[in-house]
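The values are calculated or read from the model by the stated rules, or taken from the named source; none is laboratory data. Computed from a predicted structure; not experimentally measured. Backbone-built Cβ (ideal geometry, glycine too); neighbour counts: all protein chains shown.
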């Protein structure tokens, strides 16, 4: 803890071991993507084999990322995740930009999207009233409709508030909740996989699902489809945000990230293989944008009971991912505030529960605001673009710091794996800019919006040092 923290006497409690850390990573990863992304990935024109390959390649790249970032994880035991790694590798300016991007895009967008989907699932079982339906057509800037789907948004906001309150009560309690939920959804997914593999599939399955593309368009579609896969894999790095609350973090954080990615990769590949074994890719292509492909598979496998089972499984899965995000996301802004590069009130630690309750509150508020926009597909695509922009810079830092001896710990696969991760991050970022220019420009503008705050925080921090505070 920094000495300038007014709550220095109340330090964060190290209560999470390797098992809880690994389940946190799995809980962060396995949310909506494994159920939803088969439809948009199919609609890129890829065949079944290419879709499975996209899940495998995205998993391998995510694993390479976890192995690469583990080199930086060996340098610190503090909370903050990528913000802390950027501070060590590049200094305060780049650290702030990465943290600001997480504050305005990555963290709240993920929480908002998951809470909206969680409420949508409830709405599919019990139709929710829309108390603000009379104002549904009111818009901000022509595309933000804060009162549309008001029932879903109110339930989603309530779920964020409840989980935030649970997390304010202590990291051990929230860790137990996460472990139970994550274990339940892993078990449920393996039941779905087992039933799908036992299903007598028709002759036209994965192997015969044809691609509609060839040449350069095939490669571009493959990278574009990986936006969906990477949304599903997003979250492995967020586990590093809670380093300050993990036992032996220099060992357990890298292990938790690596094991979590491997477990999730196995589940994702098996689940999507099962989907494409039960139904040809052409069926998924014909589904609507808002349809959940997994529901169609469950309906075929189990009938009405199967759809009910999958609705419950999806609800547990999304709620678990939401809880994991609420646990981990606020720790980055907490660390930024400790360093003097965020609003000072965010670094407050609750004297009784020893949790960063104000960081939790700020994240809750930002997530609820984004929830009101309803622009979730755009937000998740911006999220993936943003994280790979910063992944590339971190992999470059690992190569540089390992070469000059700043990183003493072993980095598995160095220099090949960090170099592959760097090159992929560059190619993926460029491709996303080409195929989605509006979203990427908007994301860059949001990141740049933090610059005035940086100069103010920098000025205040330097003045504090001069005054001896």
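If I ask for residues that are within 19 Å of residue 63 (Cα to Cα) and without any contact (Cβ under 8 Å) to a residue 60 or more places away in the chain, which ones from the stretch 252-293 would you list?
266
Output the residues belonging to the stretch 211-236 that are touching a helix residue (DSSP H, G or I) at 6+ places or on another chain (Cβ under 8 Å), more than 16 Å from residue 431 (Cβ to Cβ) and at pLDDT below 80.
Within the stretch 211-236, 211, 235 qualify.
Does any residue of the stretch 27-39 turn out to be modelled with pLDDT of 90 or more, assigned to a helix (DSSP H, G or I) and either surrounded by 24 or more Cβ atoms within 10 Å (Cβ to Cβ) or more than 16 Å from the chain's Cα centre (by Cα) (or both)?
There is no residue in the stretch 27-39 that is modelled with pLDDT of 90 or more, assigned to a helix (DSSP H, G or I) and either surrounded by 24 or more Cβ atoms within 10 Å (Cβ to Cβ) or more than 16 Å from the chain's Cα centre (by Cα) (or both).
How about the stretch 290-307: which of its residues are surrounded by fewer than 18 Cβ atoms within 10 Å (Cβ to Cβ) and part of a loop (DSSP other than H, G, I, E, B)?
Across the stretch 290-307, the qualifying residues are 290, 291, 303.
Given the structure, is residue 429 over 30 Å from residue 149 (Cα atoms) and in a loop (DSSP other than H, G, I, E, B)?
So residue 429 fails the test.
Do we have residue 420 as at pLDDT below 90 and either over 26 Å from residue 249 (Cα atoms) or under 27 Å from the mean Cα position of the chain (by Cα) (or both) here?
Answer is no for this residue.
From the list 322, 310, 360, 259, exactly one residue is modelled with pLDDT under 80, assigned to a helix (DSSP H, G or I) and within 23 Å of the chain's Cα centre (by Cα). Which is it?
310
With free of Cβ contacts under 8 Å to residues at least 40 places away in the same chain and either touching a helix residue (DSSP H, G or I) at 6+ places or on another chain (Cβ under 7 Å) or more than 30 Å from residue 222 (Cα to Cα) (or both) as the only criterion, which of 396, 383, 446 stands out?
Within the list 396, 383, 446, the selection yields 396.
Going by the conditions given, is residue 98 crowded, with 23+ Cβ neighbours inside 10 Å and at pLDDT 90 or above?
yes
Give all pairs with beta carbons closer than 7 Å in which a residue from the stretch 113-135 that is over 26 Å from residue 37 (Cβ atoms) meets a residue that is in a loop (DSSP other than H, G, I, E, B); count only pairs at least 6 apart in sequence or on separate chains.
Close Cβ pairs satisfying both conditions: 130/149; 132/147; 135/147.
Restricted to the stretch 40-49, and to residues that are surrounded by fewer than 23 Cβ atoms within 10 Å (Cβ to Cβ) and part of a helix (DSSP H, G or I), which residue is nearest to the chain's Cα centre (by Cα)?
Among those residues, the one meeting the criterion is 40.
Each row is one residue, and each column tells you yes or no for (1) farther than 17 Å from residue 106 by Cβ; (2) surrounded by 13 or more Cβ atoms within 10 Å (Cβ to Cβ); (3) touching a strand residue (DSSP E or B) at 6+ places or on another chain (Cβ under 7 Å).
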residue: 407; (1), (2), (3): yes, yes, no
residue: 419; (1), (2), (3): yes, yes, no
residue: 424; (1), (2), (3): yes, yes, no
residue: 428; (1), (2), (3): no, yes, no
residue: 432; (1), (2), (3): no, yes, no
residue: 437; (1), (2), (3): yes, no, no
residue: 449; (1), (2), (3): no, no, no
residue: 454; (1), (2), (3): yes, yes, no
